[in-house]
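Structure first, commentary second.
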Amino acid sequence: MKRYDMIVVGAGPAGLCAAIEAAKCGMHVVVYDENAKPGGQLFKQIHKFFGSKEHKAKIRGFKIGEELLEEADALGVEVVLNAVVIGLFPEKEITVKIEEHVEHVKGDTILIATGASENMVTFPGWTLPGVIGAGAAQTMMNLHGILPGKRVLMLGSGNVGLVVSFQLMQAGCEVVALADAAPRVGGYGVHAAKVARCGVPFYLSHTILCAEGDDHVTGVTIGEVDKNWQVIKGTEKYFEVDTICLAVGLSPMSKLCDMAGCDMEDNPAKAGFVPIVNEYGETSIPGIYAAGDVSGIEEASSAMIEGRIAGIAAAVRMGFLTKEAGDAEFKKQKTALEGLRQGMFAPGMRGKAITQTEEGVAISKNLLEHGFVAEEEIERFPGVTHRKGIHPVIECTQNIPCNPCQDACPKHCIKIGSKITALPAVDPEVSCSGCGMCVASCSGQAIFLVDEDCGDGTAQITMPYEFLPLPQEGEKGIALSRSGEKVCEAQVVGVRSAKAFDHTRLLTIKVAKEYAMKARFFRREDAR
């Protein structure tokens, strides 16, 4: 029987990070994953991460995956793919099916990092080809280069629904609408805003009534629901689509924990049936750990830190790391984790009604109900400034854990401070050089450089742009507002790209100066 110092089940962000920390201490580690490629959800994530430097902020998910795999390989971590763990027992023994044979393996410690599975909802026609999960859509687009469809309706306004909606448009799909039975947008406002300004309408308090079609989806009907989740007659809306994408939550894949005999609980705050773990990720069975979505649904950044904590704990347990050194590492990782668990979207804030930001600014109700900050609301946020010449306008309106803009500005024009969830503000005493690093570094694409009066009756707005084909200098089109509505004619006067921008182009458009604080997206004249 093979024996390892640590067996990791799942080669996603939590599993890889745990394996890396354990291997750093000299442990012999094997990672089993049922997929043909390691990395879990990271390689589907082409957007830039939130957080700060220690959370790998402003780095795209797939790049983080590449970095973790390289680090694991350099440390001698054995990664076995197409390996399905079919049994896990209290004695820390597992049975794993690798290709066509079954092996029996023992570990001195075991980490379960099996992640989560997508939830589904049922409605008439939900089994038709063309009804898919958001994760499946990401797999098709970002791993295999296949369009899920041409016209898509997204159900779900959490971060997954918002992020995948944007990625669908990046891939060339038309997102005709985003619906959610909840009365408010569930994900980050910056994610919603970048979808809304592309022209996607939000239908909150709406659910799918039925999918149309005989052998595949040809359309979908949604309807408004009341506070009791009952459909209001006469509110039906029909959309011609070929794809219905469902982003209705995730459930922890905790069966192995249960099989091993770990104490379990049904915890709605953690999205389902999860193992009970201590602060080190250790379950009720000494030496068996759980990290990532299997122990409670959070962001990938949190999963990575939880994995690191579990890997360090296993090393201490097995004597590969002293308790003193382990405590120092625990403190470092827990500080990083606490940084992510702050703000409006912290685990402890779920279900609570928030009326103002940490700074005492009234929240944008329009953002929550329609996906974009209304014109009469935007001026109250500290990052929205006015001054002569080029200056940043930061339309970040919620307390989320993120501060790359502060680090990116070479002149220290942008201030967030030590509290990572604070709203960014612009220092009035520091002039902006117009370098655009803040625009490119913003994970939420919420920063614009604006020259409100160029002296000839026009204004210029520099915005992040991640679509193809890339507009060319001199090209004419239309400027869209925060709501995605046409506000005026626009002309491209600059397109900038640099290695430091990491594939985010900076598009500068010229508009009549009265639209300087309204124009937030560019659409070419021949686009829909």
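The values are calculated or read from the model by the stated rules, or taken from the named source; none is laboratory data. What you are looking at is a predicted structure, and each value in this text was computed from that prediction instead of being measured. In this analysis, Cβ positions are derived from the backbone assuming ideal geometry, glycine residues included, and neighbour counts consider all displayed protein chains.
What about residue 131, is it surrounded by fewer than 17 Cβ atoms within 10 Å (Cβ to Cβ), in contact (Cβ under 8 Å) with a residue 12 or more places away in the chain and β-branched (Val, Ile, Thr)? Judged against the criteria, residue 131 is not a match.
The single residue among 271, 303, 290 that is of a type in the set (A, V, I, L, M), in contact (Cβ under 8 Å) with a residue 12 or more places away in the chain and at positive phi turns out to be 271. Of the candidates 44, 48, 106, the single residue that is at negative phi, surrounded by fewer than 16 Cβ atoms within 10 Å (Cβ to Cβ), in the same structural domain as residue 10 (by TED's automatic domain parsing) and touching a residue at least 40 places away in the same chain (Cβ under 8 Å) is 106.
Residue under question is residue 491, and the condition is that it be polar (S, T, N, Q) and crowded, with 21+ Cβ neighbours inside 10 Å; does it hold? So residue 491 does not fit the description; no. Of the residues making up the stretch 54-81, those that are touching a helix residue (DSSP H, G or I) at 6+ places or on another chain (Cβ under 7 Å) and within 30 Å of residue 192 (Cα to Cα) are 54, 55, 56, 57, 58, 61, 62, 64, 65, 68.
Residues in the stretch 325-366 that are free of Cβ contacts under 8 Å to residues at least 60 places away in the same chain and among the hydroxyl-bearing types (Ser, Thr, Tyr) were compared, and the one that is surrounded by the fewest Cβ atoms within 10 Å (Cβ to Cβ) is 355. Can you tell me which residue in the stretch 299-324 is surrounded by the most Cβ atoms within 10 Å (Cβ to Cβ), limited to those that are at pLDDT 90 or above and outside any helix (DSSP H, G or I)? So, considering only residues that are at pLDDT 90 or above and outside any helix (DSSP H, G or I), the one surrounded by the most Cβ atoms within 10 Å (Cβ to Cβ) is 321.
Checking each residue in the stretch 462-483 for being farther than 21 Å from residue 440 by Cα and either of a type in the set (D, E, K, R) or in contact (Cβ under 8 Å) with a residue 40 or more places away in the chain (or both) picks out 475, 476, 477, 478, 483.
Yes/no matrix, rows are residues, columns are (1) touching a His at 6+ places or on another chain (Cβ under 8 Å); (2) assigned to a loop (DSSP other than H, G, I, E, B):
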{"residue": "147", "(1), (2)": "no, yes"}
{"residue": "157", "(1), (2)": "no, yes"}
{"residue": "170", "(1), (2)": "no, no"}
{"residue": "175", "(1), (2)": "no, no"}
{"residue": "179", "(1), (2)": "yes, no"}
{"residue": "182", "(1), (2)": "no, yes"}
{"residue": "186", "(1), (2)": "no, yes"}
{"residue": "198", "(1), (2)": "no, yes"}
{"residue": "220", "(1), (2)": "no, no"}
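Filtering the stretch 390-409 for residues that are out of contact with any Lys or Arg (no Cβ under 9 Å at 6 or more places or on another chain), at pLDDT below 95 and charged (D, E, K, R) leaves an empty set. Please go through the stretch 118-162 and pick out each residue that is in contact with a Phe, Trp or Tyr (Cβ under 9 Å, 6 or more places away or on another chain) and either of a type in the set (Phe, Trp, Tyr) or within 19 Å of residue 271 (Cβ to Cβ) (or both). Once the filter is applied, which keeps residues that are in contact with a Phe, Trp or Tyr (Cβ under 9 Å, 6 or more places away or on another chain) and either of a type in the set (Phe, Trp, Tyr) or within 19 Å of residue 271 (Cβ to Cβ) (or both), the stretch 118-162 yields 120, 157, 159, 162. Of the residues making up the stretch 406-413, one or more are in contact with a helix residue (DSSP H, G or I) (Cβ under 6 Å, 6 or more places away or on another chain) and either closer than 24 Å to residue 336 by Cβ or not assigned by TED's automatic domain parsing to the domain that holds residue 446 (or both).
For (1) farther than 30 Å from residue 194 by Cα; (2) in contact with a Leu (Cβ under 7 Å, 6 or more places away or on another chain); (3) in a helix (DSSP H, G or I), each residue gets a yes or a no:
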{"position": "285", "(1), (2), (3)": "yes, no, no"}
{"position": "297", "(1), (2), (3)": "no, yes, no"}
{"position": "344", "(1), (2), (3)": "no, no, no"}
{"position": "367", "(1), (2), (3)": "no, no, yes"}
{"position": "373", "(1), (2), (3)": "no, yes, no"}
{"position": "382", "(1), (2), (3)": "no, yes, no"}
{"position": "387", "(1), (2), (3)": "no, no, no"}
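For the stretch 274-315, the tally of residues that are among the aliphatic types (A, V, I, L, M) and in contact with a His (Cβ under 9 Å, 6 or more places away or on another chain) stands at 2. Being crowded, with 22+ Cβ neighbours inside 10 Å and touching a helix residue (DSSP H, G or I) at 6+ places or on another chain (Cβ under 8 Å) is the filter here; which residues of the stretch 21-37 pass it? 21, 22, 23, 25, 27, 29, 31, 33 - these are the residues of the stretch 21-37 that are crowded, with 22+ Cβ neighbours inside 10 Å and touching a helix residue (DSSP H, G or I) at 6+ places or on another chain (Cβ under 8 Å). Within the stretch 351-361, does at least one residue satisfy the condition of being out of contact with any strand residue (DSSP E or B) (no Cβ under 7 Å at 6 or more places or on another chain), of a type in the set (Asp, Glu) and in the same structural domain as residue 107 (by TED's automatic domain parsing)? Scanning the stretch 351-361, I find no residue that is out of contact with any strand residue (DSSP E or B) (no Cβ under 7 Å at 6 or more places or on another chain), of a type in the set (Asp, Glu) and in the same structural domain as residue 107 (by TED's automatic domain parsing), so the answer is no.
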